[in-house]
Structures are given as structure tokens and as C-alpha cells.
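Undergrad: Please see the structure below; I have some questions.
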Amino acid sequence: MIDNSIISLSEKSIENNISFLRSKLGDTVKISAVVKANAYGHGIEQIVPVFEKYGIDHYSVFYYSEAIRVYNCLHKSSSIMVMGWLSEKDIKDAIEKEIEFFVFNMERLQLAVKYAKELGVKAKIHLETETGMNRSGLNMNELNTAIAVIKENTDHIELTGFCTHLAGAESVSNHFRIQNQLQKYQEMTTELDANNLKPKYKHVANSAASFVYPDTRMDLVRVGIMLYGFWSSTEVFIQYINHQEDRIDPLKRILGWKSQIMAVKEIKSGEFVGYGISYLAQSNIKTALVPVGYSFGYSRSLSNKGRVLIHGHQCSVIGVVNMNMMIIDVTHVENVKVGDEVVLIGKQDKLEIKVSAFSEISDELNYEILAHLSESITRRVIN
Ligand SMILES: *Cc1c(COP(=O)(O)O)cnc(C)c1O
């Protein structure tokens, strides 16, 4: 671990978000916490135990390596679902550990059958259907073939889920496409019913869909971004808040990111600061050096644009963000010295740097900024 900066994770906010989601989604809907991309940059090893403490017992990941990380930090028996990539060897290991996985082609189904037979353990699969996103999933023909294979192998295959993924429920511009997807999913469900196959969970919704289209909640929702305190898009947030009396955001951000000042310097008017000519001091200024750069996820596109908090003041990033450092203009802040706290994301006194402010400047999604936060940053759960 490198101690140049620290990410803090608020347990209170996690508790708040889980209880808000529970109250809105209802008791009959299982929440699967999506913890792919290192729990959206928050840290699998730190986040999962807290989610577990507040009753989450279903986790979704993309890679098998993430599934193993979740597996290793669970204390209670919970389900883990791999939505994406597993190698052939991982399929065998997953079956042995009762880790669930998506099946979106016949190749994977055949491997599941093969290894389930070999191990004498049932493979827990989620059939993923192609309904119009055109990314991964079984089309109607393939579904029928898969159904036949499953019926021949009921001793080896457990149909844990029947699912699809919607292509952008966070924007009303996709409304028509999503309605078509839901229609197709229904047709495929009818096919399943006709064959008397009963999955434990029918699931199609992510955060956005579960709020914009409540019918999509079905048996389980795969919730990522909202657990971390963000709405999928401004549209989804406005749609929700417009129906509330208080108009207060019910979600709370979990993550804060802090560093400290490494050096302070006086720069004379007319000098360039940092690499090249990207920043010219137009008066005598004072700068603070911060030991965080793009290798930790502080995007280079925040060069000359980013803002941080020092002594409760907003201060600007000047010049280009380096691999391991950035330079901040602290001309207007008094008594700045080495070791002073620098807030990169989160609150200091009355001010706050939001992830959304990053994304407005750098044109990255919240998702993207969070996912880029380096795994080497120390993470700590606070109250
Ligand atoms: C990432 C992902 C989700 C979660 O999406 P959020 O918008 O973060 O809620 C759900 N389902 C699938 C298939 C995903 O890849």
C-alpha cells in the first residue's frame, strides 16, 4: 500500500443507501450488490463486509477473480454471481465453490454440464437472453437448444436465474428500445414456462431500471451505482425527486479521497509551472505540490481544471496532472504548510468536491471515475 492518499468509506452512508433501497424495492425483491470493478473503485475487501453486516447476501461481479475476492472476504453464506468472464478452468472451480455464473452461449453451457458431471456438483447457472442489447445472450433458437440440454441434465444443472440486461434504462431516449426488450424477455419467459423450467430468480434490472420501470424488479435487482450513493443519471434522479415532497437526495455518497501537501513554493510572475507551457504564472503565486496523479485515477483531463479543498477553500489544479503529482494554486490560502490536508473527493468544512464535478469537467461518467481509482490507494471504513 502506498500512503500518499487515503480513501475513506462511510459505514453510515452504506447503511443509509441499503435501507433506502430496501424500503423502495420492497421485501420480496432480492438485492444483488454489484461489486465489479473493485466495488466501483470503493474496494471489494472493505465494502463487502459492511454490505454483509447490513444484510446483503447476494453479490454480482464481472470477472471470476473478483468472485474469488468476494468469496474470500465473506463471513456468512451468500450467493456470488459472475456476469462476465470465466476461463474453462474457472468454470470448474466455480461449480465446486457453488459460485453462480451467466450462461450466454452453448459453449459455456456444455462446459458447465461437463464439469458438473465430473465433480458430481450441480452447476448454478443464470441463462442470459439476447433481447436487443446485442452484446451477450442466447437468442430464441439458442434458448430452445439450451432448454433441451438443461432438461436432459437436471441432475447437473440448476437453473438459478433467467435474465437479460437492458440497454440504457437511465435515459428516456432508450424507452422504445427497452419496451421491446421487455416484450422479448416475456416471450422467452413463456418458452421457459412451456417447458416447465422454473428459475429461482428472474432478473433484468440494474439501478436505473428498478426505479424508472418498477415492473422490471421481478425477483432480483442487480444494483451497483445506487449502493454507492449515486443516481445512474440526472434524469433518473429528477424523475424520482419530482415525486417527493422534500426534494432531498435520499442517497449518500460513501467515498472520500484525501491527500496532503508535500511541498509549498513561491513562483514569480512570468514563470511556467510544471511540464511544458501549459501554465504561465501571471502574477506572483504560491503553489502546493500534492503526491497524487493520474496513475492513481486522478485524470489527466483535469489538468488546469480540477479543484481540491485546502483549509476549507476551493483551489485549482494548475498545469498538467502528472503520473504521481499535481500542482495546486494556493495563493489565496493563508498559512499553507507541508502536511496540510488536501481533499480530492468529499467534504472539508462547508465545501464539497463531488465526483459529478469531476465528470462535468472531464466528460467521464461517475462510473468511469470511480472505476479508475487505483487499487493501491489505502482504503478505510469510517463511521
Ligand atoms: C454493472 C451491471 C449492473 C449494475 O448497474 P448499475 O447501473 O450500477 O446499477 C447490472 N447488471 C449488469 C449486467 C451489469 O453489468
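The values are calculated or read from the model by the stated rules, or taken from the named source; none is laboratory data. Since this is a predicted model, take the numbers as computed values, not measurements. For neighbour counting, all protein chains shown are included, and Cβ atoms are generated from backbone atoms with ideal geometry for every residue, glycine included.
Undergrad: Scan the stretch 74-102 and report the pairs whose first residue is free of Cβ contacts under 8 Å to residues at least 60 places away in the same chain and not assigned by TED's automatic domain parsing to the domain that holds GLN46 and whose second residue is crowded, with 16+ Cβ neighbours inside 10 Å and in a helix (DSSP H, G or I), with Cβ atoms within less than 7 Å and a gap of 6+ or a chain change.
TA: none
Undergrad: Sticking with this structure for a sec: What's the number of the only condition in (1) closer than 30 Å to GLU15 by Cα; (2) within 16 Å of the ligand (Cβ to nearest atom) that CYS73 fails to meet?
TA: Condition not satisfied by CYS73: (2).
Undergrad: Take the residues in the stretch 1-23 that are modelled with pLDDT under 95 and among the aliphatic types (A, V, I, L, M); name whichever of them is surrounded by the most Cβ atoms within 10 Å (Cβ to Cβ).
TA: Step by step, filter the stretch 1-23, then rank; the result is ILE2.
Undergrad: I'd like to check something: does the stretch 36-58 contain any residue that is aromatic (Phe, Trp, Tyr) and either crowded, with 21+ Cβ neighbours inside 10 Å or more than 28 Å from LYS258 (Cβ to Cβ) (or both)?
TA: yes
Undergrad: Just checking, how many residues over the stretch 279-296 are part of a loop (DSSP other than H, G, I, E, B) and touching a strand residue (DSSP E or B) at 6+ places or on another chain (Cβ under 8 Å)? Outline the logic, then answer.
TA: As a first pass, look at the stretch 279-296 and keep what is part of a loop (DSSP other than H, G, I, E, B): 279, 281-284, 291-293.
With touching a strand residue (DSSP E or B) at 6+ places or on another chain (Cβ under 8 Å) added as a condition, the list becomes 279, 281, 284, 291-293.
Final tally of qualifying residues: 6.
Undergrad: Follow-up. Out of the residues in the stretch 7-40 that are over 22 Å from ARG380 (Cα atoms) and assigned to a helix (DSSP H, G or I), which is nearest to the ligand (Cβ to nearest atom)? First the steps, then the outcome.
TA: Taking the stretch 7-40 as the starting set, the residues that turn out to be over 22 Å from ARG380 (Cα atoms) are 20-32.
Of the ones still in play, those that are also assigned to a helix (DSSP H, G or I) are 20-25.
Values: PHE20: 14, LEU21: 10, ARG22: 15, SER23: 17, LYS24: 14, LEU25: 12 Å.
Ranking the qualifying residues of the stretch 7-40, first place goes to LEU21.
Undergrad: Another question, if that's okay. In this structure, is GLY55 on the phi > 0 side of the Ramachandran plot, over 14 Å from the mean Cα position of the chain (by Cα) and in contact (Cβ under 8 Å) with a residue 12 or more places away in the chain? Don't jump to the end; show me each part of the working.
TA: On the way: on the phi > 0 side of the Ramachandran plot: yes; over 14 Å from the mean Cα position of the chain (by Cα): yes; in contact (Cβ under 8 Å) with a residue 12 or more places away in the chain: yes.
In short, yes.
Undergrad: Considering only the stretch 187-207, how many residues are part of a loop (DSSP other than H, G, I, E, B), within 28 Å of the chain's Cα centre (by Cα) and of a type outside the set (A, V, I, L, M, F, W, C)? Break it down into steps so the answer makes sense when it comes.
TA: The first filter runs over the stretch 187-207 and keeps only residues part of a loop (DSSP other than H, G, I, E, B), leaving 195-200, 204, 206.
If we keep only those that are within 28 Å of the chain's Cα centre (by Cα) too, we end up with 199-200, 204, 206.
Imposing the further condition that a residue be of a type outside the set (A, V, I, L, M, F, W, C) reduces the set to 199-200, 206.
Result for the stretch 187-207: 3.
Undergrad: Considering only residues of the stretch 59-68 that are of a type in the set (Ser, Thr, Tyr) and in contact with a strand residue (DSSP E or B) (Cβ under 9 Å, 6 or more places away or on another chain), which is surrounded by the most Cβ atoms within 10 Å (Cβ to Cβ)? Show your work before the answer.
TA: Step one: list which residues in the stretch 59-68 are of a type in the set (Ser, Thr, Tyr), which gives 59-60, 63-65.
Within this subset, residues satisfying the condition of being in contact with a strand residue (DSSP E or B) (Cβ under 9 Å, 6 or more places away or on another chain) are 59-60, 63-64.
Working: TYR59: 29, SER60: 27, TYR63: 16, TYR64: 22.
Result: TYR59.
Undergrad: Shifting gears a bit: Restricting the search to the stretch 100-118, which residues are hydrophobic (A, V, I, L, M, F, W, C) and either modelled with pLDDT under 95 or under 21 Å from SER65 (Cα atoms) (or both)?
TA: Filtering the stretch 100-118 for residues hydrophobic (A, V, I, L, M, F, W, C) gives 101-104, 106, 109, 111-113, 116.
PHE101, PHE102, VAL103, PHE104, LEU109, LEU111, ALA112, ALA116 - these are the residues of the stretch 100-118 that are hydrophobic (A, V, I, L, M, F, W, C) and either modelled with pLDDT under 95 or under 21 Å from SER65 (Cα atoms) (or both).
Undergrad: For THR131, which of the numbered conditions (1) of a type in the set (Ser, Thr, Tyr); (2) under 28 Å from GLU187 (Cβ atoms); (3) surrounded by fewer than 23 Cβ atoms within 10 Å (Cβ to Cβ) fails to hold?
TA: With (1) of a type in the set (Ser, Thr, Tyr); (2) under 28 Å from GLU187 (Cβ atoms); (3) surrounded by fewer than 23 Cβ atoms within 10 Å (Cβ to Cβ) applied to THR131, the lone miss is (3).
Undergrad: If I filter the stretch 155-170 for residues that are touching a strand residue (DSSP E or B) at 6+ places or on another chain (Cβ under 9 Å), closer than 24 Å to SER356 by Cβ and either part of a helix (DSSP H, G or I) or within 13 Å of the ligand (Cβ to nearest atom) (or both), do I get at least one hit? Lay out the reasoning, then the answer.
TA: Of all residues in the stretch 155-170, those touching a strand residue (DSSP E or B) at 6+ places or on another chain (Cβ under 9 Å) come to 156-166, 169.
So of that shortlist, the ones also closer than 24 Å to SER356 by Cβ come out as 166, 169.
Okay, now just the ones that are also either part of a helix (DSSP H, G or I) or within 13 Å of the ligand (Cβ to nearest atom) (or both), so 166, 169.
There is at least one residue in the stretch 155-170 that is touching a strand residue (DSSP E or B) at 6+ places or on another chain (Cβ under 9 Å), closer than 24 Å to SER356 by Cβ and either part of a helix (DSSP H, G or I) or within 13 Å of the ligand (Cβ to nearest atom) (or both).
Undergrad: Considering only residues that are buried (at least 19 other Cβ atoms within 10 Å of the Cβ), outside any loop (DSSP other than H, G, I, E, B) and under 38 Å from the mean Cα position of the chain (by Cα), which ones fall in the stretch 258-278?
TA: SER259
Undergrad: Can you find, within the stretch 208-233, the residue that is farthest from TYR367 (Cα to Cα) among those that are touching an Asp or Glu at 6+ places or on another chain (Cβ under 8 Å) and in a helix (DSSP H, G or I)?
TA: VAL212
Undergrad: Select from the stretch 224-253 the residues that are within 16 Å of the ligand (Cβ to nearest atom) and polar (S, T, N, Q) and list them in ascending order.
TA: Within the stretch 224-253, SER232, SER233, THR234, GLN239 meet the criteria.
Undergrad: If you take the residues of the stretch 198-223 that are in contact with a Lys or Arg (Cβ under 7 Å, 6 or more places away or on another chain) and of a type outside the set (D, E, K, R), which of them is nearest to the ligand (Cβ to nearest atom)?
TA: Of all residues in the stretch 198-223, those in contact with a Lys or Arg (Cβ under 7 Å, 6 or more places away or on another chain) come to 201, 203, 205-206, 210, 218-220.
From the residues that got through so far, the ones that are of a type outside the set (D, E, K, R) too are 201, 203, 205-206, 210, 218, 220.
On the way: TYR201: 13, HIS203: 9, ALA205: 8, ASN206: 3, SER210: 8, MET218: 13, LEU220: 11 Å.
The residue in question is ASN206.
Undergrad: From the list SER171, SER136, exactly one residue is among the hydroxyl-bearing types (Ser, Thr, Tyr), out of contact with any Ser or Thr (no Cβ under 8 Å at 6 or more places or on another chain) and over 26 Å from LEU119 (Cα atoms). Which is it?
TA: Working: SER171 fails: out of contact with any Ser or Thr (no Cβ under 8 Å at 6 or more places or on another chain).
Among SER171, SER136, only SER136 is among the hydroxyl-bearing types (Ser, Thr, Tyr), out of contact with any Ser or Thr (no Cβ under 8 Å at 6 or more places or on another chain) and over 26 Å from LEU119 (Cα atoms).
Undergrad: Of the residues ILE345, ILE285, which single one is in contact (Cβ under 8 Å) with a residue 24 or more places away in the chain, within 25 Å of GLY270 (Cβ to Cβ), surrounded by 15 or more Cβ atoms within 10 Å (Cβ to Cβ) and not small (Gly, Ala, Ser)? Let's see the steps before the verdict.
TA: Values: ILE345 fails: within 25 Å of GLY270 (Cβ to Cβ).
Residue meeting the stated conditions: ILE285.
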